[in-house]
Amino acid sequence: MDADLQKVRTYLEQGLDRHLKRLQTLLRQPSVSVTGEGCEACARLYADLSRDAGFPEVELIGTPGYPGVWAAYDVGAPVTCVIYGMLDVRLANPTGWSVAPFSADVLELKPFGRVVVARGAHAVKGPIGVFLNAIEACKKVLGKPPVNVLMISEVDEILAHRPDLGTLTTQAVELRTHIGSVRSGRSPGPTTLTAAELRLLTFLPTHLSFREIGARLFVSPNTVKTQAISVYRKLGVSTRSDAVQAARALRLLEP
């Protein structure tokens, strides 16, 4: 192993508790874009954590929608590493979790050993948190990262403020156009689902009755039924099983 890499690894291992705390702090902040839960707070937290990790340039990009974060570390190197990250995660189905989805608890899981379990731990917030730890380690041990680093999150909303991103702008516009064409073909469409309906949606794949779901959500069975009918209508289906299938196709639910 390269001597510098070994020094960085040793630093991370010696400060494991502190580096784990940074990762857990990011994972414990909800950021569910389909409901808007915690998205702005997560962007602000991500900016703070980037500064804490050692990025000398960090900017929270305000937009009419959710904010994005731009962070740069220019060390004068001939190579620049660009990291793109998304701050949002999908809704967490309450079933199938051994811990609360945003608890970021450390569990012993065979055959892996100690594992941080949380929504977004695998993609994308977990890798971002680990990368921030690596940036801190490089700065503390080596004085600076070996390459220039540019981190962009929620890049679609940052493009208007960073026109020098070149071809990335074109790719984002093409993606936005594609998404818009898909959405325009649906009526009334899943984008009109309310926060309450999205919370209900996570329970539809379960075997819980409307009465049991109502008890979990602290609403009456009639309210659950009314919300379910609205969900069916907006997804263009007439049954609970078809609603689940449609939601999974739209990636509103896990497969």
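Any residue at all in segment 227-244 that's under 23 Å from the mean Cα position of the chain (by Cα), within 21 Å of SER33 (Cα to Cα) and assigned to a helix (DSSP H, G or I)? Taking every residue of segment 227-244 in turn, at least one turns out to be under 23 Å from the mean Cα position of the chain (by Cα), within 21 Å of SER33 (Cα to Cα) and assigned to a helix (DSSP H, G or I). Here GLY113, GLY129, GLY36, GLY96 are screened, and the one residue that is at positive phi and at pLDDT 85 or above is GLY113.
Which residues, taken from segment 107-128, are of a type in the set (A, V, I, L, M, F, W, C), surrounded by fewer than 16 Cβ atoms within 10 Å (Cβ to Cβ) and more than 21 Å from ARG251 (Cα to Cα)? Within segment 107-128, LEU107, LEU109, PHE112, VAL115 qualify. Scanning segment 107-133 for residues that are without any contact (Cβ under 8 Å) to a residue 40 or more places away in the chain and among the hydrophobic types (A, V, I, L, M, F, W, C) returns LEU107, LEU109, PHE112, VAL115, VAL117, ALA123, VAL124.
Residue count for segment 142-154 satisfying the condition of being surrounded by fewer than 17 Cβ atoms within 10 Å (Cβ to Cβ) and outside any loop (DSSP other than H, G, I, E, B): 1.
The values are calculated or read from the model by the stated rules, or taken from the named source; none is laboratory data. Quantities reported herein were computed from a predicted structural model and do not represent experimental measurements. Positions of Cβ are generated from backbone atoms using ideal geometry, with glycine treated the same way; all protein chains shown enter the neighbour counts.
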